[in-house]
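Chemist: The structure is given below, and queries will be raised subsequently.
Derivation of every value follows stated rules applied to the coordinates shown; laboratory data play no part. Just so it is clear, the structure is predicted and the values come from calculations on it, not from any experiment. Glycine also receives a Cβ, built like all others from the backbone with ideal geometry; neighbour counts cover every protein chain displayed.
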Amino acid sequence: YASSSATLEQLTRTGACGGALACSTCHLIVDPEFHNKLPPPEEEELDMLDLAAGLTKTSRLGCQIILRPGLENIAVTLPSETSDARGAA
């Protein structure tokens, strides 16, 4: 369902809306160990995730993940497909 672990270079190429919750291009699949350490997603994030390709139980939008102590080594995977919710009708 997903590609290999993401590199920093790959992650910097995601997020077409600049973190405004207006697309789903920063969709990440978070390792379950770290997913449980994140606060639950807000309704706006869930709405964007509904439009993301390759959605999983641990999917999150990267622009909504705030790095804090305990997440220093967060493991994420880029989905094999991406979609841009800004083009959704």
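Chemist: So what's the net charge close to I74: Lys and Arg +1, Asp and Glu -1, counting the other residues with Cβ under 15 Å from its Cβ?
Modeler: Numbers: positive: K37, R60, R68; negative: D31, E33, E72.
Every neighbour counted, the sum reads 0.
Chemist: Still on this structure, please answer the following. How charged is the neighbourhood of H35? Take every other residue with its Cβ under 15 Å from the Cβ of H35, and add Lys/Arg as +1 and Asp/Glu as -1.
Modeler: Details: positive: K37, K57, R60, R68; negative: D31, E33, E45.
Every neighbour counted, the sum reads +1.
Chemist: When you count, for each residue, the other Cβ atoms within 10 Å and take the mean per peptide, how do 46-53, 65-72 rank with the highest first? Please list the in-between numbers first.
Modeler: Values: 46-53: 16.1, 65-72: 10.2.
Order by mean packing, descending: 46-53, 65-72.
Chemist: As an exercise, identify the trypsin sites (Lys or Arg not before Pro) in region 17-89 lying in DSSP coil whose Cβ has no more than 10 other Cβ atoms within 10 Å. Write down the numbers at each step before the final one.
Modeler: Numbers: sites: K37, K57, R60, R86; in loops: K37, K57.
Answer by residue number: K57.
Chemist: Would you kindly state how much longer the chain becomes between R68 and L46 on full extension, computed as 0.36 nm times their sequence separation minus their alpha carbon distance, in nm to one decimal?
Modeler: On the way: separation 22, 0.36 × 22 = 7.92 nm, distance 2.15 nm.
Residue separation times 0.36 nm, minus the Cα-Cα distance, leaves 5.8 nm.
Chemist: I've got another one for you. Taking the Cβ of L21 as the center, what net charge do the other residues with Cβ under 9 Å away carry, scoring Lys and Arg +1 and Asp and Glu -1?
Modeler: -4
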